[in-house]
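As structure tokens, the structure follows; a few thoughts come after it.
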């Protein structure tokens, strides 16, 4: 905080955002507690929270302050305009808790409400200066390095995510081929919707949830990295199928994992592209080194693919076919955290001990009717080793034996 | 927009917030599409989105604009500072799409990033004035009135939520009493954790999720409205047990439902409090009328409880025991939406056709070791009738027959 010349951090809490508030959850260990965190430089963090939620507040280990210490009903009587009342409640709280100087603001909020509140607050409290950090802010930077306890949790959510993908593979393998599609033992076509329901059930059975959605796409859709798949389509033999799921343990950390499969068989062209994606993923992982700039790996992937005749965003942007995106991203209390494996001139990220991130090369060809992406999560340990948190094999073809 | 003198709405999209962005989801029908919505007064809304997500963008019916029309890589090369680059991308977009005048800002964002962006943007674009609406803003006001299609979806999530609670009741009834607790047929104690896992499985099996958490609390914890329950506790006979769940259909609407139960038997005191809570809920519902201020119903509940000797926030605030909260809240793409059934001087909400809201009286007595709350969702139809969207009986005791 000294380095950035920030005197106080104010981190806004839920307002219905709960899981979607990583900076707040970092302080409260993802407890469901309505409130806000105030941390003055050199002092422990305080949690201002509703008195009904004392149990949750106690579980956070933060200093607990009742939000009703500044009586909202009395303030509302005095200030019938809601913005005035909200500002007055803040003013009293900031005054009593000694919030002054450069105040960094964080947390998930409603844009307009927050802008109105912060603008008015700086008018009525000339003793504070609101600071919105944009790039590499204090909290996302702090969250970048995971400690051993966090990495253990991320290992667990990784194992659970692999178990979900294994359940999908097992379900498909238990089917049989019938006229180019996969059917159940009873002869019913297995659809993408069926698989998505299975994924949702398995995610839930492992104590996880999928707030960002689930990708299970087939054929030409796999060439669009974010196409989610058409529920009504039956699974077709020989087509590229991409599963990309990023579940979160309830009150915990995210994982993010992608595999491309083909059921029964794959064309030589699809297999070749798959093998290239797998090869460069393995090369990158073998070369990972703490202290290196992440752009080096993005450049390595672009060079590898271009040597093999694929267009890449290393040479042209935007791009519709070939290698069209960045190589990976940080992950933790958010799916996409600081630390982008990108060659963008605005990024100067480095691989650091405690970083947890995805590596996810892919090649996309709508004109050929397929895309391939493989994605694992890696943790950089304190001593600079790299651990794969996605222990799941990479094999294109799911054999159909029935 | 004319009434509020706003020329353009800008609604920020995902950035990882997906389900937790009701104002954006209102425009994109909860599609998983990264982008932002721009709507000029008197013109149809535009969706600026990533070109990979063309399928999702098409599904929204909005006018589709590629976010790469303003080449981010080129901008990044010219503006190596990330805030500068983000502002320049916006500036070009706003200029080309004719965004000027009073610009209302909406959507779920990161507080500091957004404050930095908006502050800088108003510096470099003197032709725009950023407007943060605080109270009864355009979008939450528009979302207050649900159309027939929305109410049909809310009916469906209501039925599914009741099915989850029914599964919990069935699970408990299949148990047997053993030395004051409930055990399975095999003699294993049934714990709160077991019930929560059942709830999560059932929520998922019905195509829903619980981003706000699940309350299943017992005994003294039920006197704290937001206590979530201790996973390790076995279910005890005769104790108050409160289930309060607010699942959301994936890509859809929320429901919110509470029942208090007692397993096997209830003390006369608990039964009496339960009966009073049920009676006032029924009275309020019988009196609901479109066009009435919501405060009238909060006052009705306070008067009813005070006549029966209970302290209420009608007379003292904050309050630890008795009737300690507001009567209900709007619900839809958020659990808590505009329309609070409150006597707060800052609220002047009215029951309007199309409103969907909870009614949830409760009484809380930590000193007696219990709290009781009953909560159903009601919709006000266009012709001013009221429909209960939570078709589930109210009966305190779950009999144990084995």
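Laboratory data are not the source of any read-out in this text; all were calculated from the coordinates shown. As the structure is a computational prediction, the values presented were derived from the model and not from experiment. Glycine also receives a Cβ, built like all others from the backbone with ideal geometry; neighbour counts cover every protein chain displayed.
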Checklist entry - How many Cβ atoms of partner chains, on average, are near each residue of B:9-18 if near means within 10 Å of its Cβ? => result 4
Checklist entry - Percent relative contact order of the stretch B:8-142, based on C-alpha pairs within less than 8 angstrom and at least six residues apart? => result 25 percent
Next on the checklist: P(r) for the stretch A:275-402, please, calculated from all Cα pair distances in 5 Å bins and given in %.
Outcome noted: 2, 11, 20, 23, 19, 13, 7, 3, 1, 0, 0
Item to check | Modelled FRET efficiency - R0 41 Å, residue A:97 with residue B:368, Cβ distances, 0.05 increments | outcome: 0.75
Checklist entry - What is the extension gain from residue A:348 to residue A:188, computed as 0.36 nm multiplied by their sequence separation minus the C-alpha to C-alpha distance, in nm to one decimal? => result 52.4 nm
Checklist outcome for this item: Restricting to Cα pairs under 8 Å and 6 or more apart, the percent relative contact order of the stretch B:145-398 works out to 23 percent
Checklist entry - What is the pair-distance distribution P(r) of the stretch B:112-250, computed from all Cα-Cα distances in 5 Å bins starting at 0, with each bin given as a whole percent? => result 2, 9, 13, 14, 12, 11, 8, 8, 7, 6, 4, 3, 2, 1, 0
Checklist entry - Taking the label point 7 Å from Cα in the Cβ direction, how far apart in nm is residue B:61 from each other copy of itself, listed shortest first? => result 5.1
Checklist entry - Given labels modelled 7 Å from the Cα in the Cβ direction, how far is it in nm from residue A:385 to residue B:45? => result 5.1 nm
Checklist entry - Taking the convex hull of the alpha carbon atoms in the protein assembly as shown, what volume per residue do you get, in Å³? => result 169 Å³
Checklist entry - Normalized C-alpha radius of gyration of the stretch B:106-177, against 2.2 N^0.38 Å? => result 2.03
Item to check | Residue-averaged 222 nm ellipticity for chain A, from DSSP H runs of 4+ at -39500 (n - 2.57), nearest 500 | outcome: -10500 deg cm²/dmol
Checklist entry - So what does log10 I(q)/I(0) come out to for the stretch B:8-142 at q = 0.10 Å⁻¹, using the Debye formula with one equal point on every Cα and no solvent? => result -0.30
Item to check | Residues A:206, B:49, sorted so that the one with the fewest Cβ neighbours within 10 Å comes first | outcome: A:206, B:49
Next on the checklist: Going 7 Å from Cα along the Cα-Cβ axis for the label, what nanometre distances separate residue B:383 from the same residue across the other copies?
Outcome noted: 7.7
Checklist outcome for this item: Per principal axis, largest first, the Cα atoms of the stretch A:149-226 extend in Å by 50, 29, 16
Next on the checklist: Just to be sure I follow: if Rg is taken over the C-alpha atoms of the stretch B:280-344 and Rh is the Kirkwood radius over the same atoms, what is Rg/Rh?
Outcome noted: 0.98
Checklist entry - Rule-of-thumb check for the stretch A:235-325: C-alpha Rg over 2.2 N^0.38 Å? => result 1.29
Next on the checklist: Let me confirm one metric for peptide A:132-139, namely the mean number of other chain beta-carbon atoms within 10 Å of its residues' beta-carbons.
Outcome noted: 6
Checklist outcome for this item: 1/(1 + (r/R0)^6) with r = Cβ-Cβ of residue B:1 and residue B:69, R0 = 30 Å, i.e. FRET efficiency to nearest 0.05, evaluates to 0.75
Checklist entry - Taking only the alpha carbons of the stretch A:360-402, what extent do you get along each of the three principal axes, in Å, biggest first? => result 44, 32, 8
Checklist entry - When the Debye formula is applied to the Cα atoms of the stretch B:1-45, each taken as the same point scatterer, what base-10 log of I(q)/I(0) results at q = 0.22, 0.29, 0.31 Å⁻¹? => result -0.72, -0.99, -1.07
Checklist outcome for this item: Ranked on Cβ counts within 10 Å of their own Cβ, fewest leading, B:160, B:394 go B:394, B:160
Next on the checklist: 7 Å along Cα→Cβ for the label point: how many nanometres lie between residue A:267 and each equivalent label in the other copies, listed shortest first?
Outcome noted: 7.4
Checklist outcome for this item: GNM on chain A, Cα springs under 10 Å; top mean-square fluctuation among A:74, A:228, A:320 goes to A:74
Checklist entry - Roughly how many nanometres apart are two label points built 7 Å out from the Cα toward the Cβ at residue A:173 and residue B:287? => result 6.5 nm
Checklist entry - Per residue of A:206-216, what is the mean number of Cβ atoms on other protein chains within 10 angstrom of that residue's Cβ? => result 4
Checklist outcome for this item: Going from the fewest other Cβ atoms within 10 Å to the most, one would list B:140, A:161, B:222 as B:140, A:161, B:222
Checklist entry - Over all distinct alpha-carbon pairs, what is the Kirkwood Rh of chain A in angstrom? => result 23.4 Å
Item to check | Cα-only Debye scattering, the stretch B:51-98: base-10 log of I(q)/I(0) at q = 0.26, 0.28, 0.30, 0.32 Å⁻¹ | outcome: -0.93, -0.98, -1.03, -1.09
